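J.: Structure provided below as structure tokens; questions to follow.
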Amino acid sequence: MTSIAVDAMGGDDAPRAEVEGSIAAARELGVRVILVGREETVRKEMAKVPHDGLPIEVVHANDVITMDDHAAKAMRGKRDSSMRVAARLVHDGKAAGVVSAGNTGAFMATVKVVCGTLPGVDRPALAGIFPTSRGTMAIMVDVGANVDCKPHNLEQFAVMGEIYSRAIFGILRPRVGLLSIGEEEHKGNELTREASGLLKKLSLEFLGNVEGRDLYNGKADVIVCDGFIGNVALKISEGLVETIKYMLKEALSSTLSAKMGYVLSRQAYADFKKRLDYSEYGGAPLLGIKGCAIVCHGRSNGNAIKNAIRVAAEYAGRHINDRIATELARKRGSAGAKESAQ
């Protein structure tokens, strides 16, 4: 049985959301969950939800990293935090993955230090999932782990994102695009132009430059960018989704008069809302980490935590890290052979 560690003290609604999501995951997904946090507080919350016989364990951690803590200082200073103890379970082989809805910067720094990175990975990257108009899912790498990148970082992001797309969505040949301000090859900045040259040399289905609108139209399966641009795109998308949902709900409530039409429209609205609901996607995996780390939204509810645990279990079960390490090793070997030939 796959074991997943959950930082029970991280999110805005901790530990309630973490406990509810973990119990749901243990019941519905057949995974073992290790809740990490202040034991008395966690068990008090667990007592509110039936969980007898479920594979759930509680591991005590005295410290809590808050959203206001400085990432690096918290990572170094709070060595008994729920976040660090959960990451240590992955490092020690007691859990296949770790999930946290806590301070994103601190979580990424903690996991990188405690678990380490895969061979050939200079910087781990966050992979965000976006629904498209074609009914498919697009992956954007990076959505916030690295605000300043070099061209070779984007090259690694492309390799990791392509492998993740193949493993999770079963796409045989994912189409990879480089996010820029125009489709033409000469458009963009120095980073994108240099990265484009590197991506062309990879054995990927590289489309060249894609634009922001292509994130949702399904043109590309994997979109590569630096974490600064990716995080801006992610936050704009979240705000736009909330605005559209509000405006659509208001329009339906004010214009529908026929009862049957109202019921049908409510169902359509519910389906629409579910497609855009972040909690259905769980969280973003930090690609390139030894083990598995899933970064959740701070306001994650129980459903989001449950789905984050599902993503972590799928990531581990499909041996995505082995695929990434193998592909990057192949790429390094190919580059070394070319240098020797020259």
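J.: Out of (1) farther than 16 Å from I229 by Cα; (2) in a helix (DSSP H, G or I), the odd one out for L154 is which?
T.: That leaves (1) as the condition not met.
J.: Here's something else I'd like to know. Residues of the stretch 172-196 being in contact (Cβ under 8 Å) with a residue 40 or more places away in the chain and under 21 Å from R330 (Cα atoms), which ones?
T.: P174, R175, V176, A195
J.: Which residues, taken from the stretch 197-223, are of a type in the set (F, W, Y) and either without any contact (Cβ under 8 Å) to a residue 12 or more places away in the chain or buried (at least 17 other Cβ atoms within 10 Å of the Cβ) (or both)?
T.: F206
Conditions (1) surrounded by fewer than 17 Cβ atoms within 10 Å (Cβ to Cβ); (2) in contact with a Cys (Cβ under 8 Å, 6 or more places away or on another chain); (3) farther than 24 Å from G218 by Cβ; (4) modelled with pLDDT of 90 or more, marked per residue:
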site: S133; (1), (2), (3), (4): yes, no, no, no
site: N153; (1), (2), (3), (4): no, no, yes, yes
site: I168; (1), (2), (3), (4): no, no, no, no
site: L172; (1), (2), (3), (4): yes, no, no, yes
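J.: Which of the following residues is at pLDDT 65 or above and out of contact with any Phe, Trp or Tyr (no Cβ under 9 Å at 6 or more places or on another chain): H297, H319?
T.: Criteria check complete, one pass: H319.
J.: Let me ask you something else. From the list D52, D80, D92, D69, pick out the single residue that is more than 26 Å from V210 (Cβ to Cβ), buried (at least 17 other Cβ atoms within 10 Å of the Cβ) and over 21 Å from the mean Cα position of the chain (by Cα).
T.: D69
J.: Right, here's the next one. Which one of I168, I129, I163 is within 23 Å of A325 (Cβ to Cβ), part of a strand (DSSP E or B) and under 18 Å from the mean Cα position of the chain (by Cα)?
T.: I129
J.: Taking E185 and the conditions (1) under 25 Å from the mean Cα position of the chain (by Cα); (2) in a loop (DSSP other than H, G, I, E, B), which numbered condition does it fall short on, given that it satisfies the others?
T.: (1)
J.: Identify all residues within the stretch 90-121 that are touching a residue at least 60 places away in the same chain (Cβ under 8 Å), of a type in the set (D, E, K, R) and assigned to a loop (DSSP other than H, G, I, E, B); write none if there are none.
T.: K94
J.: A further question follows. Among (1) of a type in the set (F, W, Y); (2) outside any helix (DSSP H, G or I); (3) under 15 Å from P131 (Cα atoms), which single condition is F206 missing?
T.: Unmet condition: (3).
The values are calculated or read from the model by the stated rules, or taken from the named source; none is laboratory data. Worth saying up front: this structure is predicted, and the values here are computed from it rather than measured. A quick note on method: Cβ atoms are made from the backbone with ideal geometry, for glycine too, and the neighbour counts reach across all protein chains shown.
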